[in-house]
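In what follows, a single structure is set out as structure tokens and then discussed.
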2 protein chains.
Amino acid sequence: MVTINTNTPVDEELVKEKEAAFAAFIQRRGLKTTRQRNTIISTFFRMRGHISVEELLVQVKKANPRIGYATVYRTLHLLVESGLVEERRFGDGLARYEGHSAVEHHDHMICLECGLISEFYNPRLEALQESLAEENNFEIYRHRLELYGVCKDKAACEARKQQKAARAQGA
Amino acid sequence: MVTINTNTPVDEELVKEKEAAFAAFIQRRGLKTTRQRNTIISTFFRMRGHISVEELLVQVKKANPRIGYATVYRTLHLLVESGLVEERRFGDGLARYEGHSAVEHHDHMICLECGLISEFYNPRLEALQESLAEENNFEIYRHRLELYGVCKDKAACEARKQQKAARAQGA
DNA sequence: TGGATTACGAAAACTGTTTTCATTATTGAA
DNA sequence: TTCAATAATGAAAACAGTTTTCGTAATCCA
């Protein structure tokens with residue numbers, strides 16, 4: 001299994017590339033480059049993990065408090081349309097957006113205690129799915145696999161939980 | 001792979017069993033048996049597939065037009081709490097409920113053309129997931145796997161699509 | 001630099017779901 | 001049975017997350 005490390009610092013090179021790709025998309029579509037969109041995407045691409053609109057808005061407001069959530073929503077839709085970002089839903093009712101990923105496709109493990117979302121990729125799993133689809137006369141475009149459970153490392157899990165509670169307190 | 005057949009008629013015996021199980025649950029909880037709840041659950045258990053609140057309400061209203069959606073929502077929650085029904089979300093924003101299933105756990109294949117939702121189960125897939133979780137020091141409580149794509153049998157797929165369109169027209 | 005066009009922000013609208021509240025039904029005990 | 005006590009109902013309001021509207025402001029190309 002490939003477990004995807006999400007604790008390394010964000011690669012500035014890659015961010016710049018993504019920003020350029022988005023700028024190209026905007027141009028191709030005949031849309032306009034705006035200060036707000038730039039703020040939103042550069043904030044987004046420098047954040048890690050599975051980001052909710054709320055979380056993004058908080059960061060964006062630090063750079064420019066006048067930016068409203070309508071613009072954040074609109075920009076996220078554009079990011080999704082551009083193919084640079086994926087929208088995901090993990091059943092808590094809110095959309096989460098994901099931009100940086102070491103590998104293209106991956107699945108998720110979600111800890112129900114501390115909320116940690118780990119990414120992983122396994123070719124055997126992919127192959128097995130393909131063969132099942134084949135058997136069923138079905139052609140897969142995409143799939144979603146989520147494992148819900150708990151971390152076995154209780155100490156680390158508890159620490160994350162505390163940290164999360166503290167952050168919620170502060171907000 | 002086990003592909004689960006969802007075209008066989010609903011087994012009356014099984015429905016009666018589920019109704020009895022729900023009645024027992026109601027009693028155990030100290031809740032009351034009502035005409036509305038009986039209508040809703042017996043309608044639900046006689047429907048097949050992955051039923052949305054809307055779809056259920058339509059059927060329920062045929063038996064008793066005075067039943068409102070608040071009661072349908074409330075009853076579905078009770079069904080979920082009783083363990084007789086599972087709630088699922090396939091990303092179109094609405095909850096779907098599933099009561100009858102030949103096997104306990106199963107995964108889904110969803111056709112993006114005709115909307116067909118097929119259920120399947122494969123022990124190798126389950127085992128592989130367990131081993132991946134093990135590797136990652138994670139304990140799985142439950143999981144969700146959904147394959148999105150299209151039916152390879154274009155004729156059957158198209159027929160279902162037509163049928164669906166006709167039904168939407170009629171409603 | 002002008003003028004067409006697109007984007008913005010605030011607020012209203014929307015969707016699916018949950019809650020409230022006054023009224024009605026069910027229940028177990030007398 | 002009848003009587004409270006309690007739970008359930010239905011209509012409407014509230015709710016959360018998201019999308020749309022609308023008047024104003026910014027962008028961009030000629």
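The values are calculated or read from the model by the stated rules, or taken from the named source; none is laboratory data. Just so we're clear, the structure is a prediction, and the values are computed from it rather than from any experiment. Positions of Cβ are backbone-derived with ideal geometry, glycine not excepted, and every protein chain shown enters the neighbour counts. Heads up: the accessible areas ignore ligands, DNA and RNA and are worked out on the full protein's heavy atoms, side chains in. Shrake-Rupley method; radii C 1.70, N 1.55, O 1.52, S 1.80 Å.
For this structure, a couple of remarks:
- Looking only at residues in the range B:17-49 that are within 30 Å of B:Leu125 (Cα to Cα) and modelled with pLDDT under 90, the one that is least open to solvent (accessible area, probe 1.4 Å) is B:Gly49.
- In this structure, B:Arg96 does not qualify as facing chain A (nearest Cβ under 9 Å) and either within 26 Å of A:Glu126 (Cα to Cα) or open to solvent by 10 Å² or more (accessible area, probe 1.4 Å) (or both).
- Selection count, the range A:52-67, where residues are under 22 Å from A:Leu14 (Cα atoms) and either in a loop (DSSP other than H, G, I, E, B) or away from DNA strand D (no atom under 11 Å from the Cβ) (or both): 3
- Selection of the range B:145-163 for residues being within 23 Å of B:His106 (Cβ to Cβ) and away from every other protein chain (no Cβ under 11 Å) yields only B:Arg160.
- Considering residues of the range A:68-80 that are out of contact with any helix residue (DSSP H, G or I) (no Cβ under 6 Å at 6 or more places or on another chain), within 9 Å of DNA strand D (Cβ to nearest atom) and over 14 Å from A:Leu31 (Cα atoms) only, the residue farthest from the other protein chains (Cβ to nearest Cβ): A:Gly68
- Test for B:Glu134: is it under 30 Å from A:Arg142 (Cα atoms) and either within 16 Å of DNA strand D (Cβ to nearest atom) or surrounded by fewer than 19 Cβ atoms within 10 Å (Cβ to Cβ) (or both): yes
- Given (1) exposed (fewer than 13 other Cβ atoms within 10 Å of the Cβ); (2) at negative phi, index of the condition A:Val72 fails: (1)
- A:Leu14 satisfies every condition listed in (1) under 16 Å from the mean Cα position of the chain (by Cα); (2) part of a loop (DSSP other than H, G, I, E, B); (3) surrounded by fewer than 16 Cβ atoms within 10 Å (Cβ to Cβ) except (2).
- Failed item, numbered, when B:Gly83 is tested on (1) open to solvent by 70 Å² or more (accessible area, probe 1.4 Å); (2) more than 10 Å from chain A (Cβ to nearest Cβ): (1)
- Taking first residues from the range B:83-96 that are in contact (Cβ under 8 Å) with a residue 60 or more places away in the chain and partners that are assigned to a strand (DSSP E or B) and open to solvent by 70 Å² or more (accessible area, probe 1.4 Å), no Cβ contact under 9 Å between residues at least 6 apart in sequence or on separate chains turns up.
- Selection status of B:Gly30, part of a loop (DSSP other than H, G, I, E, B), at positive phi, in contact (Cβ under 8 Å) with a residue 24 or more places away in the chain and outside the structural domain of B:Ile117 (by TED's automatic domain parsing): no
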